[in-house]
């Protein structure tokens, strides 16, 4: 099996991290980038890509915010429609 991500397996092939999502007590316990990704996932699921773009625009400007939203939308649609399991999430609020 190819090892695309070297930190995923040890030299003997054992996984160093479990497959799937990990439970988190509070979103603030996550590193900032991961917490923002979770918040954007929740916002996308609850309101849609327009709200994600509006949330990103102040930080990225309109053009890059639109590009990031388009990429996130494509990724999340792929996960939602082709994933082995349904997306599990909490509400955005």
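Quick note: the coordinates plus some simple rules give every number you see, no bench work behind them. No experiment lies behind these values; they were computed from the predicted model shown. A quick note on method: Cβ atoms are made from the backbone with ideal geometry, for glycine too, and the neighbour counts reach across all protein chains shown.
For segment 29-82, compute Rg over Rh where Rg is the Cα radius of gyration and Rh is the Kirkwood radius from the inverse mean 1/r over Cα pairs. Please report the intermediate quantities before stating the final value.
On the way: Rg = 11.0 Å, Rh = 11.3 Å.
Dividing the radius of gyration by the Kirkwood radius yields 0.97.
Which residues in segment 52-77 have a backbone N closer than 16 Å to a point placed 7 Å from the Cα of residue 46 along the Cα-to-Cβ line?
Only 52-56 pass the distance filter.
Which of 55, 36 has the fewest other C-beta atoms within 10 Å, and how do the rest follow up to the most? Show your work: numbers first, answer last.
Numbers: 55 19, 36 15.
Ranked by crowding around the Cβ, least crowded first: 36, 55.
Just want the ordering: 34, 53, from fewest to most Cβ atoms lying within 10 Å of their own Cβ. Please report the intermediate quantities before stating the final value.
On the way: 34 12, 53 20.
So the ranking, lowest neighbour count to highest, is 34, 53.
Extending each Cα 7 Å along its Cβ direction at residue 77 and residue 30, get the distance between those two points in nm, one decimal.
Once both label points are built, they end up 2.3 nm from each other.
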